[in-house]
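Asks: One structure, as structure tokens, below. Some questions next.
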Amino acid sequence: MIPGSFSYHRPTTVADAVKLLSTLGDDARALAGGHSLIPMMKLRLATPEHLVDLHGIDGLNAIRRDGNRIVIGAMTTQHQLLASDEIARSLPILHETALLIADPQVRYMGTIGGNVANGDPGNDMPALMMTLGASYQLEGPTGPREIAASEFYQGAYFTALEPGELLTSISIPVPAAGHGYAYEKLKRKVGDYATAAAAVILTMAGGKVASCAIGLTNLHETPLLATDAAQAVIGTSLDDATLKKAAAAAVAIMSPAADARGPVEYRKHVGGIMVTRALKRAAGRAG
Amino acid sequence: MAKTHVTMKVNGAEVEGLVEPRTLLVHFIRENLQLTGTHIGCETTHCGACTVDLNGMSVKSCTMFAVQAAGADILTIEGVANADGTLSALQEGFRMMHGLQCGFCTPGMIIRAQRLLQENPNPSEEEIRMGISGNICRCTGYQNIVRAIQYAAAKINGVEFQEAAE
């Protein structure tokens, strides 16, 4: 399995990469970690005529704190996220999620920018970014712009990226001190995409949920925010009746595709269970 | 398609070759360099038989292009033995603990385990199992592979290898 022929470009600046992507148009694809794109190219499901490799651009893989936000360069690998003290301290759910992506070799190469920008409903980071209220910095032929993660995903493999645009970094507000978090992912084996997964960030006050956000992975053609489910738990102590209500509200917005991971009803069912587990585990961790 | 001239360091030696952009690193290693210890087991980024060490990372060489590796420092299974030709601690561990049956996955396992032990010289059994989760053995299981890595870790740390109690 060898990919079709293409021309290889290795720009050294974001401006040059944007220029190449704009000029070459639909025939070009940006190459980040490549662990979604290259397998697709080997299967000839993707046949770009030009690859614009972003590895030659300096400074796209830095993790820095900017006030009360963490800014992560698009070319930061999952391995770098896992090795970062700043991420472990400020965004432990990101550490937990990165650890559930594929396997060690893939995590050395796979990037957060590729994961969020590809638009694959199976990718783990998009739902998490929506749960965290992250925003994406894009650079295009007409200059930079910023877009909320919650507005980025429009369909399977279809995002708000305009032709020639590149995602350069992700900005995430640091959750409140003492917040609880959990990413619950059901998968068939190590390295697999989620059959169903749920991300939860919440805060507790006086034994009751004070704030909550819930995101869903691979349960729709785009990542989802389960807003009604999150609303249902606020002000409660997460008793069994509330957990059931929240799971039902989350299941109501799921419309997964039937695939080798199971039929629709099964995936919705376990999706509800992931929401319940993530809520319980997040509450247990809240300080 | 025009070929590109690439140079890189493989097992300490400078190598060069002409490759198409679509040439995968594993094909460059096996066919251009004739280093056939790096195997192709699945071609879909799952099995890990093609794992090499590249600039301090374990990577699946079937999922990157040789042009991307230009200038890189690569270690393959052919480069892991000690300088005097004796087996490395991991190679010895795989031999002593019977960490292989058909041996097809072994080069990728050893290269991956070497990086794992460099990052975590004293891994728990759980950490070893997670650390090699990107490498598939299709013969039976992983019990002896885990023991082989535990043996090597003990040897590298200068302590006596002790079998975990059943």
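The values are calculated or read from the model by the stated rules, or taken from the named source; none is laboratory data. This is a predicted model, so every value here is computed, not measured. We place every Cβ from the backbone using ideal geometry, glycine too, and count neighbours over all the protein chains shown. Ligands, DNA and RNA are stripped out before the accessible areas are found, and what is left, the full protein with its side chains, is counted by its heavy atoms. Shrake-Rupley method; radii C 1.70, N 1.55, O 1.52, S 1.80 Å.
Asks: If A:Tyr8 passes every condition in (1) open to solvent by 20 Å² or more (accessible area, probe 1.4 Å); (2) assigned to a loop (DSSP other than H, G, I, E, B); (3) within 14 Å of chain B (Cβ to nearest Cβ) but one, which one does it miss?
Replies: Condition not satisfied by A:Tyr8: (2).
Asks: Hey, can you tell me all the residues within segment B:1-55 that are part of a loop (DSSP other than H, G, I, E, B), touching a residue at least 40 places away in the same chain (Cβ under 8 Å) and either farther than 18 Å from A:Ile38 by Cβ or not hydrophobic (A, V, I, L, M, F, W, C) (or both)?
Replies: B:Asn11, B:Gly12, B:Pro21, B:Arg22, B:Thr23, B:Leu35, B:Gly37, B:Thr38, B:His39, B:Gly41, B:His46, B:Gly48 - these are the residues of segment B:1-55 that are part of a loop (DSSP other than H, G, I, E, B), touching a residue at least 40 places away in the same chain (Cβ under 8 Å) and either farther than 18 Å from A:Ile38 by Cβ or not hydrophobic (A, V, I, L, M, F, W, C) (or both).
Asks: Enumerate the pairs (first residue in segment A:129-150 and within 14 Å of A:Ile72 (Cβ to Cβ); second residue anywhere and open to solvent by 20 Å² or more (accessible area, probe 1.4 Å) and assigned to a loop (DSSP other than H, G, I, E, B)) with beta-carbon separation below 8 Å, excluding pairs fewer than 6 apart on the same chain, so at least 6 apart or on different chains.
Replies: The qualifying pairs are A:Leu132/A:Pro175; A:Ala149/A:Gly133.
Asks: Could you say which residue among B:Met57, B:Met97 is away from every other protein chain (no Cβ under 14 Å) and in contact with a Lys or Arg (Cβ under 8 Å, 6 or more places away or on another chain)?
Replies: None of the other options fit; the residue is B:Met97.
Asks: Quick check on A:Pro126: is it at pLDDT 95 or above and open to solvent by less than 10 Å² (accessible area, probe 1.4 Å)?
Replies: Yes; evaluated as a whole, the condition is true for this residue.
Asks: Taking A:Ala194 as the residue in question, decide whether it is within 16 Å of the chain's Cα centre (by Cα) and either modelled with pLDDT under 95 or not in a strand (DSSP E or B) (or both).
Replies: yes
Asks: Also: Condition check: open to solvent by 10 Å² or more (accessible area, probe 1.4 Å) and in contact with a Pro (Cβ under 8 Å, 6 or more places away or on another chain). Does B:Thr23 satisfy that?
Replies: no
Listed here are the residues, each with its yes/no results for (1) touching a Cys at 6+ places or on another chain (Cβ under 8 Å); (2) buried (at least 19 other Cβ atoms within 10 Å of the Cβ); (3) part of a strand (DSSP E or B); (4) within 12 Å of another protein chain (Cβ to nearest Cβ).
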{"residue": "A:Leu51", "(1), (2), (3), (4)": "no, yes, yes, yes"}
{"residue": "A:Asp58", "(1), (2), (3), (4)": "no, no, no, no"}
{"residue": "A:Arg64", "(1), (2), (3), (4)": "no, no, yes, no"}
{"residue": "A:Leu81", "(1), (2), (3), (4)": "no, yes, no, no"}
{"residue": "A:Glu86", "(1), (2), (3), (4)": "no, no, no, no"}
{"residue": "A:Thr97", "(1), (2), (3), (4)": "no, yes, no, no"}
{"residue": "A:Ala102", "(1), (2), (3), (4)": "no, yes, no, yes"}
{"residue": "A:Asp120", "(1), (2), (3), (4)": "no, no, no, no"}
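Asks: Inside segment A:161-191, can you point out the residues that are acidic (Asp, Glu) and either assigned to a strand (DSSP E or B) or within 17 Å of A:Leu81 (Cβ to Cβ) (or both)? Working first, answer last.
Replies: Taking segment A:161-191 as the starting set, the residues that turn out to be acidic (Asp, Glu) are A:162, A:165, A:184.
Across segment A:161-191, the qualifying residue is only A:Glu184.
Asks: Does any residue in segment A:201-217 that is touching a residue at least 60 places away in the same chain (Cβ under 8 Å) and part of a strand (DSSP E or B) come within less than 6 Å, Cβ to Cβ, of a residue that is surrounded by 21 or more Cβ atoms within 10 Å (Cβ to Cβ) and among the hydroxyl-bearing types (Ser, Thr, Tyr) six or more places away or on a different chain, and which pairs are these?
Replies: Listed by first residue and then by second, the contacts come to A:Ile201/A:Thr131; A:Ile201/A:Tyr181; A:Ala213/A:Thr131; A:Gly215/A:Thr131.
Asks: Listed residues B:Cys42, B:Cys62, B:Cys50; which is more than 7 Å from chain A (Cβ to nearest Cβ) and at pLDDT below 95?
Replies: Checking each option against the conditions leaves just B:Cys42.
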